[in-house]
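Colleague: Following this message is one structure expressed as structure tokens.
The values are calculated or read from the model by the stated rules, or taken from the named source; none is laboratory data. Just so it is clear, the structure is predicted and the values come from calculations on it, not from any experiment. Here the Cβ is made from the backbone with ideal geometry for all residues, glycine too, and neighbour counts use every protein chain on show. The area values use the complete protein model at the heavy-atom level, side chains included, leaving out ligands, DNA and RNA. Shrake-Rupley method; radii C 1.70, N 1.55, O 1.52, S 1.80 Å.
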Amino acid sequence: MKQEYQDLILQACGASSLCVGAKIQTLWSGYGEIVRLHLEGCDRPSVVVKHIKFPEEAEHPGGWNTDRSHRRKVRSYQVETHWYQNFSTSRNCRIPACLAACSHGDEMLIVLEDLDVAGYNQRRTSVKDREIKACLRWLAHFHALFLGVAPEGLWPIGTYWHLETRPDELEAMDDAELKAAAGDINRILNECHFKTIVHGDAKLANFCFSPGGQDVAAVDFQYVGGGCGMKDVVYFLGSCMEEKECEKRAQGLLDYYFTELQLAVKKDVDFAALEKEWREMFAFAWTDFHRFLLGWMPGHWKINRYSKQLTKEVLRKLKL
């Protein structure tokens, strides 16, 4: 790590020295890495650094190496930096504090609080009911906090699969009926009366759990932006449940989300109208992501019977 970056971190944390610890992960398509740094001489034993370095040639696992893809990723890191520097949340939707950030040429650096030290040191690849509800509770409080808030400096429309940023994937789709309806589905979602800020990539891997699994914090805000809260909910549920579980449990978990959302929204919000609109958007949001997968990776495990059934329902509604 460059000395100027080390100096920035030492100054931001009031530390006397640092040493580079374990690499937590490589960023998507080889765009850098996330590492833990151990500190001396301050009250923080460690920080997590997201070090972005734009590659000369990206290595996309799906083969989507285009200029558009590169521009989207560059913008996503700019958005994430802006998010951490200008937005804050409550203890009910915990995120890591941003301690410093800088950008120079083809490199960017975001220095974040170490959530492991803060008590969120567990990661999950599979979850039980308690942990699913902890994530849905986080999302409900997040959406309530930002209900009606303009996504200034963020993506105007959040999520990484947003139609207007994914024309190549749309073109690659074989499903002619869904391809033809994609614009209408996108428009209906975007014209929701009740808008919030969505996380935009609220998969299970982006939640950090407390040891008991009842509390969570979220990371990875590259695709945070405006939109209907259902986009986060459907993406999260699809990230941690297979088709039979979705068929069996999705509606009950959706009920739980709305119970938490009602507790979290301000009293002047017409909650009955909000719930009615967003429940109607559930199938539209699910179908919107299904549309992306069909073009991006048609063999993906999330393309299942439950997704296809919801898509049929949406296409039938559009014909009425």
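Colleague: So, restricting to helices (runs of 4 or more DSSP H) that lie completely within the range 163-273, which ones have at least 2 residues that are among the small types (G, A, S) and in contact (Cβ under 8 Å) with a residue 12 or more places away in the chain?
Modeller: Helices (runs of 4 or more DSSP H) meeting the threshold: 176-190, 230-240, 243-264.
Colleague: D255 - would you say it is farther than 30 Å from E171 by Cα, at pLDDT 95 or above and assigned by the TED database to the domain that holds L139?
Modeller: Working: farther than 30 Å from E171 by Cα: yes; at pLDDT 95 or above: yes; assigned by the TED database to the domain that holds L139: yes.
Here the answer is yes, as D255 does meet what is asked.
Colleague: State yes or no: is F221 farther than 19 Å from S76 by Cβ and outside the structural domain of M108 (by the TED database)?
Modeller: In short, no.
Colleague: Across the range 78-106, which residue is nearest to V117 (Cα to Cα) among those that are open to solvent by 40 Å² or more (accessible area, probe 1.4 Å) and charged (D, E, K, R)?
Modeller: R94
Colleague: Where residues in the range 5-36 are charged (D, E, K, R) and closer than 16 Å to L99 by Cα, which of them is surrounded by the most Cβ atoms within 10 Å (Cβ to Cβ)?
Modeller: R36
Colleague: Check the range 278-296 and report whether any residue there is touching an Asp or Glu at 6+ places or on another chain (Cβ under 9 Å), outside the structural domain of I52 (by the TED database) and closer than 21 Å to H141 by Cβ.
Modeller: yes
Colleague: Moving to a separate point now. Being more than 22 Å from V198 (Cβ to Cβ), under 21 Å from the mean Cα position of the chain (by Cα) and among the aliphatic types (A, V, I, L, M) is true for just one of L115, L37, L109. Which residue is that? Can you show your working first?
Modeller: On the way: L115 fails: more than 22 Å from V198 (Cβ to Cβ); L37 fails: under 21 Å from the mean Cα position of the chain (by Cα).
Sole residue among the options that is more than 22 Å from V198 (Cβ to Cβ), under 21 Å from the mean Cα position of the chain (by Cα) and among the aliphatic types (A, V, I, L, M): L109.
Colleague: When you check S103 against the structure, is it in a helix (DSSP H, G or I) and either within 30 Å of Q11 (Cβ to Cβ) or not assigned by the TED database to the domain that holds L274 (or both), yes or no?
Modeller: Here the answer is no, as S103 does not meet what is asked.
Colleague: Can you tell me which of E131, E56, E80 is assigned to a helix (DSSP H, G or I) and more than 20 Å from Q25 (Cβ to Cβ)?
Modeller: Being assigned to a helix (DSSP H, G or I) and more than 20 Å from Q25 (Cβ to Cβ) holds for just one of E131, E56, E80, which is E131.
Colleague: Sticking with this structure for a sec: Restricted to the range 121-164, and to residues that are open to solvent by less than 30 Å² (accessible area, probe 1.4 Å) and of a type in the set (F, W, Y), which residue is farthest from V269 (Cα to Cα)?
Modeller: Once the filter is applied, the top-ranked residue is W161.
Colleague: State all residues of the range 252-273 that are closer than 24 Å to I185 by Cα and over 22 Å from the mean Cα position of the chain (by Cα); if no residue qualifies, say none.
Modeller: Within the range 252-273, F271, A272, A273 meet the criteria.
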